């Protein structure tokens, strides 16, 4: 049992929260004092748009996928409420629930095939979905009123009483918006938000951390649909009418514009974007038909010059004056679990087109053993590392860790199963801090990540501090405790390798594969790296080191395996291997030449 | 029998025009890896260019065509400058969004300048329908097919047999290596955009006679182009043309047999089915599964 | 005022994959074949890429006396640098003829003449002018890549590990071609892992380790240099000296 002091980190998102608070306070004041009935109506509609954008942020901002179906989900929610309200006189609670569930169901049905597609296909699939929805609505005239739409949608009825228009309606809608915003905050701040950031920026890094990319994308898509449905329902109640315009592409573009201009990952961004693009046409009445033109130009300008939107720009400016960190109580940590397992590779073959990159390679690493893999350029070392990491599938052969077969698992699954891969150029998401990265890696083994987990508080509050404490301990083990809060991009290579090592260890691996870890390191760093590798091995974890740097590798490795043109040409103790004439010939091109 | 022939001809004509749109789409895709969502709006702009030129100059459609195309090529350069080059180093989603934005600007600028009423461009073939025995075939449809075929063939010749074409292909396949061979890569990219816009412009001028053009016409077109490219195989020029012809035929035949709405619905449904079952289309790259 | 065709002075790059280059200075004269030797990660490829402008660098690079450090890769190619990258990087679907023509920097007639000359040099390519590049064998692909670079009539030819993946006999043929090219007045800078063969064809060589030059001189001298072996295998592999490094014992 060890105790560790969790780091005192400034809470991320302070700027975001402050900005939100300011905006809400301003709006409340405006609503209570200055607004005319028309003004309140616009305010209410703006609230619906905020909810829509909050939803879109999940899939577009956090998951980084261009979904073009957000408008369709909005429309589905609006029509559901309208139909249930005008035809069947359902009350608010019931029709609202259906308005949320219908888009959720559609999203769930479409998500499984759609999310497997590469990004340009995904956009098209969602666009196709939106078009089908529009056609459906236009042609189910009996239910939907066709191109004319439906009128007479009742107001929000709670317990038999209809909420009066004006301030009460605005307050009701905005209360729901506040609920949505709090939920969104809970779900996206903390480690889940960090997980999405990694997923967006580098799919390989995400896989190496063992993150379940598919589940993360799926939940983002579903949430976006649910929020859109809710927003649509509220708009239907507010306007009293629903028309097929809600399903047209122009609404989708407006939503996109609001999200990008406001800021695609910040709650305040949703507020700013929705408010701005709802009020601007009101203020610029005299520009009448030019409003969409202005949107387009603003969207273009923003995506070029301010990719994080207005909220992002503001937050960067505010960041300097963030609140000082508050100290935390020490936490007791459970002992780290170890999963020693032997790596067994037999008869591995990998072909790329006509070229055989690996030709019946056999390799074994026992727990606690340090095996060095060497070979001239083009010998297949990197291919082997990619196969072991699960980034490429072998054509033939056996790959096993302990009793577990590794073929066909995929990189993130292999990371969770116990093989940690360190990369030649460390895959460190630039804006995350080292602490967040390692804590994120811990969630793979020590907790769950994702929206449901966030909801349950699995990554917030106590649990998060626990994860961060474990992360800090790991970082201390590689000598990086003092730099834990620095963003990854700012770490020089002499420190980056430590973080890469800590990340690899955070997954509680049975085997660590290091790809040229000594590259770019000075002599002292190399000595320290060698020491750390020995410590890892002493804990019973197997280490496979792929290297060119002989002075580094030879004293460290227990055994060497030599690859040349995809075949193993020698194995054994280092001092024997370097004197093997076949190895010499492979490296120098001919048998050793000397005077 | 006559109607089937006429229908087929109309379908091919529509498909031929779509082929020009899809071809431009793939040109930019190959050169930059980015989706040009404004391609449909460029077609609309081409239609307007032809319509405006016609009202200003008393020339036949065939003479106006090169002028419209030339104007559109310049517009293509503007698209490259505004929506692509500033975002070159960002992920492809950024260019997707910027071209959506630019398309929006094009649409609304057109609306503001020329109003929402539909316009037409003069026909390429202004004469009587061609008679062949008891058949009367629309000359315009034939003319569209002829012009489109000429343009596609010219573009194919350009890419395959000229030095410029070789440089364009090299840039599209490996930008860094092309630069290391002395090719002015940015100029090639700008040229790809100009070519794409020129093709879009031609399509617009051809389509604007039979189908009126309004500022919002571009939206449906981009979807058709996208579908054609998916059917044919993402990144394949041949596939884009073939896919477009198929889309044009399908749409025309089903619209005549059932209704235009049914045609659209079935088209989208077919798209979703293709994405599900065979995302690589007829000639395209292997699926595009996620990492 | 040197007769150097290519001159590098204190060339440095930031560390990326592997060590950064540290103040590399070297020179190449017309008609010379100069070899860059080193294990992978030593910096050979980085050096070639830096000369070509594909990797940012500081320090001076002069081609025929003209400073090219501020030029883009395309400009450097037009000024007379020919580049044959590691792994060849041919355009997969392009025919042999088109690939060669893409490398040409001059007008149609001169390009046609140059094409004929390249086909003389690599007769294997002549019957395959219409074949797409991906269908060629490894050796033919390498010839095509070199031919493509030569079409631009470069003053200096940069080759990055051309022998990679080629059978020994082909490597021999390839390297003798390089000697012939040098005889025509081109300067050849050859980065190679295959030390023995490289030193047979080169007049001079530089050995790199961790981004630094650790040995340089005439090829004949370097062939006898034991430091070279140590740099590559990290242990003195001469049979006479005993092994002094201690080996850890494997667990269990």
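Any idea which of (1) without any contact (Cβ under 8 Å) to a residue 60 or more places away in the chain; (2) under 24 Å from residue C:164 (Cβ atoms); (3) assigned to a helix (DSSP H, G or I); (4) at the interface with chain C (Cβ under 10 Å from one of its Cβ atoms) is the one residue A:587 doesn't satisfy?
Just one mismatch for residue A:587, condition (1).
If you go through the stretch C:79-95 one residue at a time, do you hit one that is at pLDDT 90 or above, in a helix (DSSP H, G or I) and within 13 Å of another protein chain (Cβ to nearest Cβ)?
Yes; the residues of the stretch C:79-95 include at least one that is at pLDDT 90 or above, in a helix (DSSP H, G or I) and within 13 Å of another protein chain (Cβ to nearest Cβ).
Show me the helices (runs of 4 or more DSSP H) entirely contained within the stretch A:1-112 in which 3 or more residues are in contact with a helix residue (DSSP H, G or I) (Cβ under 6 Å, 6 or more places away or on another chain) and modelled with pLDDT of 90 or more. Lay out the reasoning, then the answer.
Working: elements: A:14-29, A:37-56, A:70-86.
Output list reads A:37-56, A:70-86.
Here are some residues: C:37, C:47. Which one is surrounded by 23 or more Cβ atoms within 10 Å (Cβ to Cβ), within 24 Å of residue C:222 (Cβ to Cβ) and out of contact with any helix residue (DSSP H, G or I) (no Cβ under 8 Å at 6 or more places or on another chain)?
Working: C:37 fails: out of contact with any helix residue (DSSP H, G or I) (no Cβ under 8 Å at 6 or more places or on another chain).
Within the list C:37, C:47, the selection yields C:47.
In the stretch C:150-157, is there at least one residue being within 15 Å of the chain's Cα centre (by Cα), buried (at least 22 other Cβ atoms within 10 Å of the Cβ) and within 14 Å of chain A (Cβ to nearest Cβ)?
Scanning the stretch C:150-157 turns up no residue that is within 15 Å of the chain's Cα centre (by Cα), buried (at least 22 other Cβ atoms within 10 Å of the Cβ) and within 14 Å of chain A (Cβ to nearest Cβ).
Rundown of residues vs (1) surrounded by fewer than 17 Cβ atoms within 10 Å (Cβ to Cβ); (2) modelled with pLDDT of 85 or more; (3) under 30 Å from residue A:67 (Cβ atoms), yes/no style:
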site: B:107; (1), (2), (3): no, yes, yes
site: B:121; (1), (2), (3): no, no, no
site: B:124; (1), (2), (3): no, no, no
site: B:135; (1), (2), (3): yes, no, no
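Is there a residue in the stretch B:260-280 that is farther than 23 Å from residue B:154 by Cα, more than 9 Å from chain A (Cβ to nearest Cβ) and not in a helix (DSSP H, G or I)?
yes
Looking at (1) in contact with a helix residue (DSSP H, G or I) (Cβ under 8 Å, 6 or more places away or on another chain); (2) assigned to a strand (DSSP E or B), which one does residue B:131 not meet, given that it meets all the others?
(1)
List the pairs whose first member sits in the stretch A:558-584 and is in contact (Cβ under 8 Å) with a residue 40 or more places away in the chain and more than 12 Å from chain C (Cβ to nearest Cβ), whose second member is in a loop (DSSP other than H, G, I, E, B) and buried (at least 23 other Cβ atoms within 10 Å of the Cβ), and whose Cβ atoms are under 6 Å apart, counting only residues at least 6 apart or on separate chains?
As it stands, the answer is A:563/A:375; A:563/A:379; A:563/A:380, since those pairs meet every condition given.
Which of the helices (runs of 4 or more DSSP H) contained wholly in the stretch B:158-256 include at least 2 residues that are within 14 Å of chain C (Cβ to nearest Cβ) and in contact (Cβ under 8 Å) with a residue 12 or more places away in the chain?
B:163-173, B:185-210
Identify the single condition in (1) modelled with pLDDT under 90; (2) within 14 Å of chain C (Cβ to nearest Cβ); (3) within 25 Å of residue A:345 (Cα to Cα) that residue A:508 does not satisfy, given that it satisfies every other one.
Failed condition: (2).
Report yes if residue A:555 is in a loop (DSSP other than H, G, I, E, B), facing chain C (nearest Cβ under 8 Å) and out of contact with any strand residue (DSSP E or B) (no Cβ under 6 Å at 6 or more places or on another chain), otherwise no. Walk me through it before giving the result.
Details: in a loop (DSSP other than H, G, I, E, B): yes; facing chain C (nearest Cβ under 8 Å): yes; out of contact with any strand residue (DSSP E or B) (no Cβ under 6 Å at 6 or more places or on another chain): yes.
So residue A:555 fits the description; yes.
Among (1) at pLDDT 85 or above; (2) in a helix (DSSP H, G or I); (3) in contact with a strand residue (DSSP E or B) (Cβ under 7 Å, 6 or more places away or on another chain), where does residue C:231 come up short?
(1)
Looking only at the stretch C:106-128, how many residues end up being surrounded by fewer than 18 Cβ atoms within 10 Å (Cβ to Cβ) and within 14 Å of chain B (Cβ to nearest Cβ)?
The number of residues fulfilling the criteria is 6.
For residues that are away from chain B (no Cβ under 14 Å) and more than 17 Å from residue C:28 (Cα to Cα), scanning just the stretch C:50-77, find the one that is surrounded by the most Cβ atoms within 10 Å (Cβ to Cβ).
Let us first name the residues in the stretch C:50-77 that are away from chain B (no Cβ under 14 Å), namely C:57-62, C:64-67, C:69-70.
Now restrict to residues that are more than 17 Å from residue C:28 (Cα to Cα): C:57-58, C:70.
Values: C:57: 23, C:58: 13, C:70: 8.
Step by step, filter the stretch C:50-77, then rank; the result is C:57.
Restricting to the stretch C:96-122, name every residue that is in contact with a strand residue (DSSP E or B) (Cβ under 9 Å, 6 or more places away or on another chain) and outside any helix (DSSP H, G or I).
C:103
Condition test on residue A:261, is it within 20 Å of residue B:106 (Cβ to Cβ), touching a residue at least 24 places away in the same chain (Cβ under 8 Å) and part of a helix (DSSP H, G or I)? Reasoning before the result, please.
Details: within 20 Å of residue B:106 (Cβ to Cβ): yes; touching a residue at least 24 places away in the same chain (Cβ under 8 Å): yes; part of a helix (DSSP H, G or I): yes.
When the stated conditions are applied, residue A:261 passes them.
Kindly evaluate residue B:106 against the criterion of being within 14 Å of chain A (Cβ to nearest Cβ), in contact with a helix residue (DSSP H, G or I) (Cβ under 8 Å, 6 or more places away or on another chain), in contact (Cβ under 8 Å) with a residue 12 or more places away in the chain and closer than 15 Å to residue B:201 by Cβ. Give the derivation first.
Details: within 14 Å of chain A (Cβ to nearest Cβ): yes; in contact with a helix residue (DSSP H, G or I) (Cβ under 8 Å, 6 or more places away or on another chain): yes; in contact (Cβ under 8 Å) with a residue 12 or more places away in the chain: yes; closer than 15 Å to residue B:201 by Cβ: yes.
So residue B:106 passes the test.
Can you spot a residue in the stretch A:54-64 that is surrounded by fewer than 24 Cβ atoms within 10 Å (Cβ to Cβ) and in contact (Cβ under 8 Å) with a residue 60 or more places away in the chain? Outline the logic, then answer.
Of all residues in the stretch A:54-64, those surrounded by fewer than 24 Cβ atoms within 10 Å (Cβ to Cβ) come to A:63-64.
Adding the requirement that they be in contact (Cβ under 8 Å) with a residue 60 or more places away in the chain leaves A:63-64.
Within the stretch A:54-64, one or more residues are surrounded by fewer than 24 Cβ atoms within 10 Å (Cβ to Cβ) and in contact (Cβ under 8 Å) with a residue 60 or more places away in the chain.
Just a yes or no: is a residue in the stretch A:146-168 under 30 Å from residue A:27 (Cα atoms), under 38 Å from the mean Cα position of the chain (by Cα), away from every other protein chain (no Cβ under 14 Å) and assigned to a helix (DSSP H, G or I)? Spell out how you get there, then give the answer.
Step one: of the stretch A:146-168, the residues under 30 Å from residue A:27 (Cα atoms) are A:151-168.
Add one more test, that the residue is under 38 Å from the mean Cα position of the chain (by Cα), and what stays is A:156.
With the extra rule that they be away from every other protein chain (no Cβ under 14 Å), the set shrinks to A:156.
So of that shortlist, the ones also assigned to a helix (DSSP H, G or I) come out as none.
No: the stretch A:146-168 contains no residue that is under 30 Å from residue A:27 (Cα atoms), under 38 Å from the mean Cα position of the chain (by Cα), away from every other protein chain (no Cβ under 14 Å) and assigned to a helix (DSSP H, G or I).
Please indicate, with yes or no, whether at least one residue in the stretch A:29-49 is surrounded by fewer than 20 Cβ atoms within 10 Å (Cβ to Cβ), farther than 13 Å from residue A:221 by Cβ and in contact with a strand residue (DSSP E or B) (Cβ under 9 Å, 6 or more places away or on another chain).
Looking through the stretch A:29-49, none of the residues is surrounded by fewer than 20 Cβ atoms within 10 Å (Cβ to Cβ), farther than 13 Å from residue A:221 by Cβ and in contact with a strand residue (DSSP E or B) (Cβ under 9 Å, 6 or more places away or on another chain).
Before we move on, is residue A:237 away from every other protein chain (no Cβ under 14 Å) and farther than 26 Å from residue A:430 by Cβ?
On the way: away from every other protein chain (no Cβ under 14 Å): yes; farther than 26 Å from residue A:430 by Cβ: yes.
Yes: the conditions hold for residue A:237.
Does residue A:169 count as surrounded by 18 or more Cβ atoms within 10 Å (Cβ to Cβ) and more than 30 Å from residue A:115 (Cβ to Cβ)?
Values: surrounded by 18 or more Cβ atoms within 10 Å (Cβ to Cβ): yes; more than 30 Å from residue A:115 (Cβ to Cβ): yes.
For residue A:169, the condition - surrounded by 18 or more Cβ atoms within 10 Å (Cβ to Cβ) and more than 30 Å from residue A:115 (Cβ to Cβ) - is met.
The values are calculated or read from the model by the stated rules, or taken from the named source; none is laboratory data. Worth saying up front: this structure is predicted, and the values here are computed from it rather than measured. No Cβ is skipped: glycine too gets one built from the backbone with ideal geometry, and neighbour counts run over all protein chains shown.
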